[in-house]
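Trainee: My questions all concern the structure below.
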Amino acid sequence: MRKSTCLLILALLFMAGMIVGTTSYVWATEEKAAHVTIDQVVSVQKYNRSIHVMAMLMVGFGFLMVFVKKYGRSAVTATYLLVSIAVPMYLYINGKGYLGEPKSDVDGLLLAEFAAASLLICAGAPLGRLKMSQYLLLALLFTPCYMINEWILLESGLGLIPHGGFVDTGGSILIHAFGALFGLGVIMNMTTKEEFAVPVESDHTSDQFSMLGSMVLWLFWPSFCAGLVEPKAVPFTAVNVFMALCGATIATYFVSSTLRGKIAIGDVANAALAGGVGVGATCDTASHQTAFIIGILAGALSTIGFVAIQPVLQNKIKGIDTCGVTNLHGWPGLMGGIAAAFLVPGIVPANQFKGIIIAIILALVTGYVTGQVLAYFGRRRTPYVDEEEFL
Amino acid sequence: MRKSTCLLILALLFMAGMIVGTTSYVWATEEKAAHVTIDQVVSVQKYNRSIHVMAMLMVGFGFLMVFVKKYGRSAVTATYLLVSIAVPMYLYINGKGYLGEPKSDVDGLLLAEFAAASLLICAGAPLGRLKMSQYLLLALLFTPCYMINEWILLESGLGLIPHGGFVDTGGSILIHAFGALFGLGVIMNMTTKEEFAVPVESDHTSDQFSMLGSMVLWLFWPSFCAGLVEPKAVPFTAVNVFMALCGATIATYFVSSTLRGKIAIGDVANAALAGGVGVGATCDTASHQTAFIIGILAGALSTIGFVAIQPVLQNKIKGIDTCGVTNLHGWPGLMGGIAAAFLVPGIVPANQFKGIIIAIILALVTGYVTGQVLAYFGRRRTPYVDEEEFL
Amino acid sequence: MRKSTCLLILALLFMAGMIVGTTSYVWATEEKAAHVTIDQVVSVQKYNRSIHVMAMLMVGFGFLMVFVKKYGRSAVTATYLLVSIAVPMYLYINGKGYLGEPKSDVDGLLLAEFAAASLLICAGAPLGRLKMSQYLLLALLFTPCYMINEWILLESGLGLIPHGGFVDTGGSILIHAFGALFGLGVIMNMTTKEEFAVPVESDHTSDQFSMLGSMVLWLFWPSFCAGLVEPKAVPFTAVNVFMALCGATIATYFVSSTLRGKIAIGDVANAALAGGVGVGATCDTASHQTAFIIGILAGALSTIGFVAIQPVLQNKIKGIDTCGVTNLHGWPGLMGGIAAAFLVPGIVPANQFKGIIIAIILALVTGYVTGQVLAYFGRRRTPYVDEEEFL
């Protein structure tokens, strides 16, 4: 109890610091113009996609995690808190210019939402074993790590990769694989032997909420991938993303029903989205046909992950990945990042691979350290249930 | 069991064929331009409406069908699969130029979504009596039939109707009536006497999910009707669609509570949407006041359909229309298509009526044949429940 | 029974009158133009925000109210009906030019949706104690009162406040406080002593639906505040609104868990939104940092409202505020309106305060009278349950 009070005060201090910190910072405001310009209109269109991405964060990721029956209120509340920490924190650090150039309002907002997406992916791994205060801490630790990775891969941070050398328009590596592997690092510290004996329970209603979350992610995914894409490439990118999602959905049905005998609704809810994860890095360059094939492979890979890889992996690392984020975001994300090295015109494969390796190492190491810190504030033998923290 | 294995292989073969087929096809990509043009911005706005329509397909139609309690997981999974077959298939056939000129990326996407909408409407009729593999087959058979009808009515296919002679901006006939009547054709083959004795069960939770689906359809409906409308007509069309939906919602309340004594939540979830169906053909030409009246009439007609027409019809055709698609999409769609013959300025009524009659015949005949094929792969005595195919 | 028949006829007469009335009114249509202009594109972007606002009205407010377990079907049906009365009624009265200049299609639509939002807020107070016919009557009485207030504050109606003297871009006072205080007036007439003994029941599923509604409100809130804002200010406003919402969400967690010992999911679902309410009046002028602070204060105030103010208030007025609309929309709305008097550059505080006082008085008085009228058509001793009016 004393530890969580510490955490509370810590978080309050951070918030206070952030507020004071921003006092001296003049937030960028749009200049006044006499007429509406096409650039303003383009910004409003980006803003619109930022709303779609927020729908994915809240209703999408939030409800996809609701499948854990006894942890439904915690899952949605954690979603609220994680987003509410990550977005202002990203905007604040970016506005200060600590890691790369400060962005415009709408670009900053989209990038902040991407950080929040990666954080929510990461939080899916230890889901059901953290208290609210630990989620807050997770958000505070994850966001800077994510930003450092982004800075190295995209902004030539530390001079490791030349500007434009790493290609990942839709975030296969930057967002999905990074979040999943960070989560993998976290759970190495979080799970106990007793938890292996407690299966995750879901019921029909929690499954339906989960499918609702899944569908919201599916349908807004093109806005996620095309968030910062220039207008002329948006329709092409959108068709590519939908092709990949359709491919993954069909593949999931076939692979799940073949491998398991019957369809697991959890496979459908998750692996159908792997197409969007896999096509991320090539969403604005692959042909529609290639996108469809990437989707089929990603969906199949993800389903195989849920059926066959996860049990082996969990035994090896002695940790439970509650939402199976490695299956949905990990392997398909890596696949997508690697695919870009071969598919994107004019790319230097060495840079792409260097970026992927940096992301993997950074995610696992910072994730593992974060897990250690979280475990210090409470490592439990049995899963948390809503009733512990909710009236 | 051997039959469904056949089906699986059949579908895989089709997918493979499609992939190989597209290898030789160069998908249209946007040309490179130095500056952002207003046409690009307009395309992005269409793309945005395509996302809204996808929300209707997934969360809207998907969850509207969840009211069948024991079939919830099947309904949402079927939605995923139907969309994932119909959209790439439409884009593929359209891209090849088999039925009319190939469209641009974003126009093609919207039209493909309309096809998927019509397919989901159709699938609402036999809902609860098909296995997943039969839904796949339904999608493979429905999509080309839909495209032939669209080609004849809009693109002067077979030379039956002159270009621009048939008016149906929001798809009253092309999407709604066609899908509903195709579904009517299907169920003539699918239902057995025993099923009349098994009532469709719903509970409070499944009703709420159904209302969620209904509201999502309601609120995005203007983007459906205005999907391909030129920018200057979008706000006018949007107000018209909302006027019609408001009219239908009010009418549904009065008619449902008057005819039944109490309100049936199923009437509200469905008939409130009939305004959007009915106003489709005239959504960009009717006055706001006329749109309101069309909505009231469509809502009343649809509710009367649920209360009084459906029982008679089902007895006559010896088939069960699970979602009552004839009431929501059939009669109001036909009403809307006929209304256009009198309301659209400069229209030649004969062409409009010719188009309606072609659509009716084509839908019923191809639907009936499709039903025969589906019945060959499994015609059951009792309704399917989730447990048969889901873990 | 006779009374509600009267009501039915009354409403039908109104509808008929409205239809006949509009016959002589030529609804404004967009002029034909050869090329797409940037103004048309800007209108389509406003239209897009109007869809977002409609998502808030339907899925947002509709499902936020579903937490009352035995009143779920009534809540969503009432939402449908309230919107379907308010939107056409607003468009009709505005089109006639009775209260200020008639607006363009898209501006009128957004303003009509704001009126519907205020009405839904108001309806949250007596939720669970009205029959459907009483909701209809509430909508018919509320909408003109709302429009009179809007006309006085924004359009210099009765010459009380100079044009532009009252600042409330996102509707802190005009929409939120007005609706909440109107609802407060209504419930003074509606609640009986017996009802204090019947606690509002919710369960896990109804709580989840409520959180879904909450999240939909949260994520689309920037489109609500920036609905009529000019393009160049949209991204800036969006970031401000999200900053305020993030602040409120974090504050809600800390205050709820501190004051109650455990987190109440109802606090999270509601008070997390108070940031959007509070920042409304200053959403396009405050700095991002100020917006964050406003959000924190609004979230804290709202949570304190739920925990401490509401029980005292309810005892005093002898009425039950089912959804706690005074806590979410009342106090944070007033706070936001007052904050604008100090924060908006160039504002004359006296005008702002005058506007706030007018809104408070008008809302309470017209709300009280409306409550009297509603009570005449049925004041019950025990709460209504769905079964009374639904099959």
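The values are calculated or read from the model by the stated rules, or taken from the named source; none is laboratory data. All values reported here derive from a predicted model rather than from experimental measurement. So basically every Cβ, Gly included, is an ideal-geometry build from the backbone, and we count neighbours across all protein chains shown.
Trainee: Restricting attention to the stretch B:36-49, which residues are more than 7 Å from every other protein chain (Cβ to nearest Cβ) and in contact (Cβ under 8 Å) with a residue 12 or more places away in the chain?
Mentor: Of everything in the stretch B:36-49, those that are more than 7 Å from every other protein chain (Cβ to nearest Cβ) and in contact (Cβ under 8 Å) with a residue 12 or more places away in the chain turn out to be B:Lys46, B:Arg49.
Trainee: Also, quick follow-up: Before we move on, is C:Gly95 at pLDDT 90 or above and over 30 Å from C:Asp203 (Cβ atoms)?
Mentor: Answer is yes for this residue.
Trainee: A further question follows. Can you list residue pairs whose Cβ atoms sit under 6 Å apart, with the first residue in the stretch B:203-226 being outside any helix (DSSP H, G or I) and the second being of a type in the set (Val, Ile, Thr)? Count only pairs 6 or more apart in sequence or on different chains.
Mentor: From residues that are outside any helix (DSSP H, G or I), the pairs are B:Ala226/B:Val234; B:Ala226/B:Thr237.
Trainee: Out of B:Thr169, B:Thr205, B:Thr237, B:Thr249, I need the residue that is surrounded by fewer than 24 Cβ atoms within 10 Å (Cβ to Cβ), within 11 Å of chain C (Cβ to nearest Cβ) and of a type in the set (S, T, N, Q). Which one?
Mentor: Of B:Thr169, B:Thr205, B:Thr237, B:Thr249, the one residue that is surrounded by fewer than 24 Cβ atoms within 10 Å (Cβ to Cβ), within 11 Å of chain C (Cβ to nearest Cβ) and of a type in the set (S, T, N, Q) is B:Thr205.
Trainee: Just checking, which of B:Thr252, B:Thr285, B:Thr237 is in a helix (DSSP H, G or I) and in contact (Cβ under 8 Å) with a residue 60 or more places away in the chain?
Mentor: Checking each option against the conditions leaves just B:Thr237.
Trainee: Can you tell me how many residues in the stretch C:94-140 are outside any helix (DSSP H, G or I) and among the acidic types (Asp, Glu)?
Mentor: Here the count works out to 1.
Trainee: Now for a separate question. Return the pairs, sorted by first residue and then second, in which the second residue is loosely packed, with under 15 Cβ neighbours inside 10 Å and of a type in the set (Gly, Ala, Ser), the first residue lies in the stretch B:377-391 and is closer than 19 Å to A:His204 by Cα, the beta carbons are less than 9 Å apart, and the residues are 6+ apart or on different chains.
Mentor: If the second residue must be loosely packed, with under 15 Cβ neighbours inside 10 Å and of a type in the set (Gly, Ala, Ser), the pairs left are B:Leu391/A:Gly261.
Trainee: Please pick out the residue among C:Gly276, C:Gly333, C:Gly319 that is away from chain A (no Cβ under 11 Å), surrounded by 24 or more Cβ atoms within 10 Å (Cβ to Cβ) and modelled with pLDDT under 95.
Mentor: C:Gly319
Trainee: Considering only the stretch C:33-79, state which residues are assigned to a helix (DSSP H, G or I) and of a type in the set (Gly, Ala, Ser).
Mentor: Correct list: C:Ser43, C:Ser50, C:Ala55, C:Gly60, C:Gly62, C:Gly72, C:Ser74, C:Ala75, C:Ala78.
Trainee: Is it true that some residue in the stretch C:347-358 is part of a helix (DSSP H, G or I) and either within 17 Å of the chain's Cα centre (by Cα) or on the phi > 0 side of the Ramachandran plot (or both)?
Mentor: Yes, the conditions are met somewhere in the stretch C:347-358.
Trainee: Can you work out which of the residues in the stretch B:72-94 that are more than 8 Å from chain A (Cβ to nearest Cβ) and in contact (Cβ under 8 Å) with a residue 60 or more places away in the chain is nearest to B:Pro144 (Cα to Cα)?
Mentor: B:Met89
Trainee: Looking at the stretch A:161-171 only, could you name the residues that are in contact (Cβ under 8 Å) with a residue 60 or more places away in the chain and either touching a strand residue (DSSP E or B) at 6+ places or on another chain (Cβ under 8 Å) or within 25 Å of A:Gly278 (Cβ to Cβ) (or both)?
Mentor: Listed by number, the residues that qualify are A:Ile161, A:Gly165, A:Phe166, A:Val167, A:Asp168, A:Thr169, A:Gly170, A:Gly171.
Trainee: Continuing with this model, one more query. Please go through (1) over 21 Å from the mean Cα position of the chain (by Cα); (2) over 22 Å from C:Val106 (Cα atoms) for B:Asn270 and return the number of the only condition it doesn't satisfy.
Mentor: (1)
Trainee: Residue check, B:Asp386 against (1) in contact with a Lys or Arg (Cβ under 7 Å, 6 or more places away or on another chain); (2) over 30 Å from A:Ser256 (Cβ atoms), all met but one. Which one?
Mentor: Checking B:Asp386 against (1) in contact with a Lys or Arg (Cβ under 7 Å, 6 or more places away or on another chain); (2) over 30 Å from A:Ser256 (Cβ atoms), the one that fails is (2).
Trainee: Determine the pairs where a residue that is within 11 Å of chain A (Cβ to nearest Cβ) and over 17 Å from C:Ala340 (Cβ atoms), located within the stretch C:290-301, has a partner that is surrounded by fewer than 24 Cβ atoms within 10 Å (Cβ to Cβ) and not aromatic (Phe, Trp, Tyr) with Cβ atoms under 8 Å apart, the partner being 6 or more residues away or on another chain.
Mentor: C:Ile296/A:Met15; C:Gly299/C:Val255
Trainee: Filtering the stretch B:359-385 down to residues that are at negative phi and not in a helix (DSSP H, G or I), which residue is surrounded by the fewest Cβ atoms within 10 Å (Cβ to Cβ)?
Mentor: The selected residue is B:Arg381.
Trainee: Let me ask another. Considering C:Ser104, C:Ser84, which residue is buried (at least 24 other Cβ atoms within 10 Å of the Cβ), closer than 22 Å to C:Ser50 by Cβ, hydroxyl-bearing (Ser, Thr, Tyr) and out of contact with any His (no Cβ under 7 Å at 6 or more places or on another chain)?
Mentor: Selected residue: C:Ser84, the only one of C:Ser104, C:Ser84 that is buried (at least 24 other Cβ atoms within 10 Å of the Cβ), closer than 22 Å to C:Ser50 by Cβ, hydroxyl-bearing (Ser, Thr, Tyr) and out of contact with any His (no Cβ under 7 Å at 6 or more places or on another chain).
Trainee: Do we find a residue being within 14 Å of chain A (Cβ to nearest Cβ), closer than 24 Å to A:Ser84 by Cβ and in contact with a Phe, Trp or Tyr (Cβ under 7 Å, 6 or more places away or on another chain) anywhere in the stretch C:305-314?
Mentor: No, every residue in the stretch C:305-314 fails to be within 14 Å of chain A (Cβ to nearest Cβ), closer than 24 Å to A:Ser84 by Cβ and in contact with a Phe, Trp or Tyr (Cβ under 7 Å, 6 or more places away or on another chain).
Trainee: Which residue, of C:Leu141, C:Leu120, C:Leu110, is modelled with pLDDT of 95 or more, surrounded by fewer than 24 Cβ atoms within 10 Å (Cβ to Cβ), within 14 Å of another protein chain (Cβ to nearest Cβ) and under 17 Å from the mean Cα position of the chain (by Cα)?
Mentor: C:Leu110
Trainee: When the residues of the stretch B:282-310 are narrowed to those that are among the hydroxyl-bearing types (Ser, Thr, Tyr) and out of contact with any Asp or Glu (no Cβ under 7 Å at 6 or more places or on another chain), which ends up surrounded by the fewest Cβ atoms within 10 Å (Cβ to Cβ)?
Mentor: If we take residues in the stretch B:282-310 being among the hydroxyl-bearing types (Ser, Thr, Tyr) and out of contact with any Asp or Glu (no Cβ under 7 Å at 6 or more places or on another chain), then B:Ser287 is surrounded by the fewest Cβ atoms within 10 Å (Cβ to Cβ).
Trainee: What residue, of B:Gly97, B:Gly157, B:Gly124, is in contact (Cβ under 8 Å) with a residue 60 or more places away in the chain and of a type in the set (Gly, Ala, Ser)?
Mentor: After ruling out the rest, the residue left standing is B:Gly124.
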